[in-house]
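Enquirer: Sharing a structure here in structure tokens format.
Every read-out reported here was derived from the displayed coordinates using simple, explicitly stated rules and does not represent laboratory data. Being a predicted model, the structure only gives us computed values, none of them experimental.
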Amino acid sequence: MKIPQTNNLVSIIIVTFNSKEYILTCLKAIYQSNYRLIEIIVVDNNSTDSTIDLISHSYPKVKIIRNVKNLGYAEGNNAGVKNAQGKYIAIINPDTQVSPNWLKPLVDGLDSKNTAVCQPKIMLLKQKNLINCTGKETHFLGFEWLKDYKKEDYNLNSSTISSFSGSIFLTTKIFFTKLGGFDESFFMYYEDGDFSWRTRLLGKNLLLISSSLAFHDYKFTPNENYQKTKQKFYFLERNRLILMIKNYSTRTLILIFPAIILMELGMNIYFLSKGWWLEKIKGYIWIIANIKNIETKRSFIQKSRVISDKELSSDFISKINYKEFDNLILSYFINPLLCTYWKVIKKLI
């Protein structure tokens, strides 16, 4: 079936779930954009608050897709894209606000050679002088950290990045569809990382556009009334492992297997100390129960890839340096060990 493309129309997809605190300011900022060729599609994951009523009353032109249950970020956005009419797809979280000139630079950025995804420079919404992320850094064990997180704003040039932030980015409907959209089994977290890895394995670039600006009310620790922290870490850890299983070659998985075991031991101890150990075990059980489906996706990715893991991992990092995980064991034992291991193994990939 031919994908509809209307000139340079941008279809903006926003997945909501009890988002009444943010949705009106998010929509207001979008409608104040200098780029006018837009349609807005809100995919609501069965909100129980007044999110839908607020949108319907204040912005009746917004197209609303009402799900009868919470489909999560991945499947929710896929549903929105299927109903989009635009050539371009912008995916935005409801707790994100855009600047008036955010969109045109992203559209122009997709004209760059081999570029498939563009993201803006994202600042923290409540500390506008501090950076939320300028893309993401990717660790060779699948972790992804927000690049430049909480740094003071500084002048930076547009550049390629190893992974983009799912809080706001632009791609084309053709490419999103070609890639198969987000992996819906992820539900939430790391689906943007998985999308980034699969994009790069096809030889395409991800680009940070420094002249495009957005603001995100990022919270590393979620509001417990909205989502339990242990649930977030369940998805983070489960999906990190799926990410590696799907996208790395068999050779690379064998080479990094000792490091995976070491990290799994460390993460189990960490989860146990937090009282979340059952969540880690649930993640293993889910992967084992769904291994055939994962293998099917892995087979397709490995057959269609056009670059090697050496190229893919050329900018991967080996040090866990995220601000939220700073401790002595990490600094003086785990990080030196991982850095040394990756330095050796990287030459063999």
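Enquirer: Grab the range 238-301 and count how many Lys pairs have their alpha-carbon atoms under 21 Å apart, sequence gap of 8 or more, or different chains.
Expert: 7
Enquirer: Using the Cα gyration tensor of the range 75-123, with a ≥ b ≥ c the square roots of its eigenvalues, what is the shape: rounded (a/c below 1.5), prolate (a/b larger than b/c) or oblate (neither)?
Expert: oblate
Enquirer: Shifting gears a bit: Output wanted: per-residue J couplings in Hz (rounded whole) for the range 160-166, from phi through Karplus 6.51 cos²θ - 1.76 cosθ + 1.60, θ = phi - 60°, x for Gly and Pro.
Expert: Here the 3J(HN,Hα) series is 6, 10, 7, 7, 9, 8, x Hz.
Enquirer: Provide the per-residue ³J(HN,Hα) series for the range 293-308, in order, calculated from phi with Karplus coefficients 6.51, -1.76, 1.60 and θ = phi - 60°, each as a whole number of Hz, with x at glycine and proline positions.
Expert: Once rounded to whole Hz, the list reads 5, 5, 5, 4, 5, 4, 4, 5, 4, 5, 6, 9, 5, 10, 10, 8.
Enquirer: If you don't mind, there's one more thing I want to ask. What aspartates and glutamates does Lys128 reach when the alpha-carbon gap must be under 18 Å and sequence neighbours fewer than 8 apart in one chain are set aside?
Expert: Lys128 reaches Asp95, Asp148, Glu152, Asp153, Asp217.
Enquirer: In degrees from 0 to 90, rounded to the nearest 10, what is the angle of the helix 277-289 Cα long axis to the longest principal axis of the chain?
Expert: 80 degrees
Enquirer: Run lengths n ≥ 4 of DSSP H only: what is the helix-derived mean residue ellipticity at 222 nm for the chain, with -39500 (n - 2.57) per run over all residues, to the nearest 500? Numbers along the way, then the final one.
Expert: Working: 12 runs with 139 residues, N = 349.
Only helices count here, giving -12000 deg cm²/dmol.
Enquirer: Residue by residue through the range 97-112, which ³J(HN,Hα) values in whole Hz follow from phi under the Karplus form 6.51 cos²θ - 1.76 cosθ + 1.60 (θ = phi - 60°), with glycine and proline marked x?
Expert: Rounded to whole hertz, the list is 10, 9, 7, x, 9, 6, 8, 4, x, 5, 4, 5, x, 5, 7, 5.
Enquirer: To test your reading of the geometry: what angle, between 0 and 90 degrees and rounded to tens, separates the Cα axis of helix 229-247 from the longest principal axis of the chain?
Expert: 70 degrees
Enquirer: What does the convex hull of the Cα atoms come to per residue for the range 247-349, in Å³?
Expert: 116 Å³
Enquirer: For Ser212, enumerate residues with amide H under 5 Å from its amide H, sequence gap 5+ or separate chain, H modeled in the peptide plane.
Expert: Under 5 Å from the amide H of Ser212 lie the amide H atoms of Lys121, each far enough along the sequence or on another chain.
Enquirer: A further question follows. Return one number: the angle in degrees, 0 to 90 and rounded to the nearest 10, between the long axis of the Cα atoms of helix 191-201 and the longest principal axis of the Cα atoms of the chain.
Expert: So the helix axis and the longest Cα principal axis differ by about 80 degrees.
Enquirer: Here's a follow-up. Over all directions, how big on average is the projection of the convex hull of the alpha-carbon atoms in the chain, in square nanometres? Spell out each step's value before the answer.
Expert: Numbers: hull surface 69.9 nm².
Projected over every direction and averaged, the Cα hull of the chain covers 17.5 nm².
Enquirer: How large is Rg over Rh for the range 109-201, taking Rg from the Cα atoms and Rh as the Kirkwood inverse mean of 1/r across Cα pairs?
Expert: 0.97
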